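> Below is the structure I would like to discuss, written out as structure tokens.
The values are calculated or read from the model by the stated rules, or taken from the named source; none is laboratory data. Owing to the predicted nature of the structure, the values given are computational and were not obtained by experimental measurement. Note that each Cβ is placed from the backbone with ideal geometry, even for glycine, and that neighbours are counted across all protein chains shown. These accessible areas exclude ligands, DNA and RNA; they are computed on the full protein's heavy atoms, side chains included. Shrake-Rupley method; radii C 1.70, N 1.55, O 1.52, S 1.80 Å.
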Amino acid sequence: MTRCDRFETEALLALERGLPLDEHFSSCPDCLAARAAYERLGGEISSLGMEDEPPVGWQARVWERIATAQRRRRHRGWWAWWVVPAVAAAAALLLFIRAPTREPAGLWVKVEAGKTVRRGVDAQPGDRLDLRASTGGVPHAELRVYRNDSELVLRCSSQPPCARRGDELRATVVLDGIGRYQSLLFLSKSSLPTSASDLETDTSAAFAAGADVELGPEVVVR
């Protein structure tokens with residue numbers, strides 16, 4: 001038997017507009033369960049206190065660490081070029097010309113619509129977040145997605161739901177609840193530190209271990 005989805009497709013919009021619901025929503029088991037789940041989620045969100053919020057200014061600190069790491073990479077590349085003897089530099093240039101061009105490391109994010117009725121331009125519960133990343137040849141790479149900066153909803157490398165082929169890494173995650181979703185690509189020459197399921201803690205640990213982090217756009221689900 002097909003599950004009834006009228007609560008998500010009809011009742012949510014009616015409740016947002018303050019409109020009454022018809023008798024179906026007081027007798028349908030699927031709709032009653034869906035309404036209870038949304039009310040429970042709303043209660044949990046409203047009960048969040050300051051202790052559940054990330055520290056003030058964490059985003060600025062993360063961006064500054066990323067910028068510092070990128071400046072350090074550029075500086076190291078410039079210094080190495082000038083200290084390499086001329087013969088070795090010529091050999092390296094020849095190898096570079098012959099080698100296939102690598103796509104630079106990066107993270108691309110796309111929201112795919114689910115089956116719910118569209119309301120506005122924001123993403124909605126049930127939509128999918130498609131992630132594609134280029135590792136730039138770095139041996140250790142992970143895709144991660146955090147909800148509200150404090151809940152890790154995706155972490156994978158070469159195992160499902162991730163799929164890796166060469167330098168390309170792909171994954172898809174269902175946006176199963178309202179909130180802010182932040183995607184990241186972690187890159188490292190050595191094994192990455194374990195996750196603490198908190199965005200600031202995890203990025204700090206990654207930077208301390210010498211890893212680089214690429215941030216994707218934040219996706220808001222309403």
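> Counting only other residues whose beta carbon sits under 12 Å from that of residue 145, what net charge do I get with K and R as +1, D and E as -1? Intermediate values should be presented prior to the final figure.
Values: positive: 128, 144, 147, 155, 180; negative: 130, 142, 149, 151, 176, 202, 218.
Around residue 145, the surrounding residues sum to -2.
> Where in region 124-222 are there GluC sites (Glu not before Pro) that are in a DSSP coil and have at most 15 other Cβ atoms within 10 angstrom of their Cβ? Present the calculation step by step, with values, prior to reporting the outcome.
Numbers: sites: 142, 151, 168, 200, 214, 218; in loops: 218.
Loop-located and lightly packed - 218.
> Using only protein heavy atoms and a 1.4 Å probe, report how much of residue 30 is accessible, in Å² to the nearest 10.
Taking all protein chains as shown, residue 30 has close to 60 Å².
> Additional query: How much net charge surrounds residue 167 when only other residues with a Cβ under 9 Å from its Cβ are counted (Lys, Arg +1; Asp, Glu -1)?
Numbers: positive: 102, 164, 165; negative: 103, 168.
With Lys, Arg at +1 and Asp, Glu at -1, the net is +1.
> Return the long-range amide H neighbours of residue 123 (sequence gap of 5 or more, or a different chain), with a cut-off of under 5 Å between placed amide H atoms.
220, 222
> Gain in length, residue 37 to residue 201, computed as 0.36 nm per residue apart minus the alpha-carbon separation, to one decimal in nm?
Full extension of this stretch gives 56.0 nm more.
> Using θ = phi - 60° and the Karplus curve 6.51 cos²θ - 1.76 cosθ + 1.60, what whole-Hz ³J(HN,Hα) does each residue of region 4-21 get, with Gly and Pro shown as x?
6, 10, 5, 5, 5, 8, 10, 5, 4, 5, 5, 5, 4, 8, x, 8, x, 9
> What trypsin sites (Lys or Arg not before Pro) does region 1-43 have in DSSP loop regions with at most 10 other beta carbons within 10 Å?
Values: sites: 3, 6, 17, 35, 40; in loops: 3, 17.
The qualifying sites are 3, 17.
> Taking amide H positions as placed in the peptide plane 1.01 Å from N, state which residues far from residue 148 in sequence (5 or more) or on other chains have amide H under 5 Å from it.
It is 180, 181, 182, by chain and number.
> Counting other Cβ atoms within 10 Å, keep those with at most 12, restrict to DSSP loop, and tell me which trypsin sites (Lys or Arg not before Pro) in region 128-215 are left. List each step's numbers first, then the result.
Numbers: sites: 128, 132, 144, 147, 155, 164, 165, 170, 180, 189; in loops: 189.
Passing sites in region 128-215 are 189.
> For region 153-222, which whole-number percentage of the solvent-accessible area (1.4 Å probe, protein heavy atoms only) is attributable to carbon and sulfur atoms?
On the way: 1630 of 3310 Å².
Answer for region 153-222 is 49 percent, counting heavy atoms of protein chains only.
> Run the numbers for residue 170 and residue 9: contour at 0.36 nm per residue of separation, minus the present Cα-Cα distance, in nm. Could you put the intermediate results ahead of the total?
Numbers: separation 161, 0.36 × 161 = 57.96 nm, distance 2.99 nm.
Separation in residues times 0.36 nm, less the Cα-Cα distance, equals 55.0 nm.
> For residue 140, which sequence-distant residues (separation of 5 or more, or a different chain) have an amide H within less than 5 Å of its own amide H, given hydrogens modelled in the peptide plane?
188
> On to the next question. Please list, in order along region 133-145, the HN-Hα scalar couplings obtained from phi with the Karplus expression 6.51 cos²θ - 1.76 cosθ + 1.60 (θ = phi - 60°), rounded to whole Hz, x for Gly and Pro.
Calculated HN-Hα couplings, in order: 10, 10, 7, x, x, 6, x, 10, 9, 9, 9, 9, 10 Hz.
> Give me the net charge for the shell around residue 185: Cβ to Cβ below 11 angstrom, other residues only, Lys and Arg +1, Asp and Glu -1. Walk me through the numbers before you get to the answer.
On the way: positive: 132, 144; negative: 142, 212, 214.
In short, -1.
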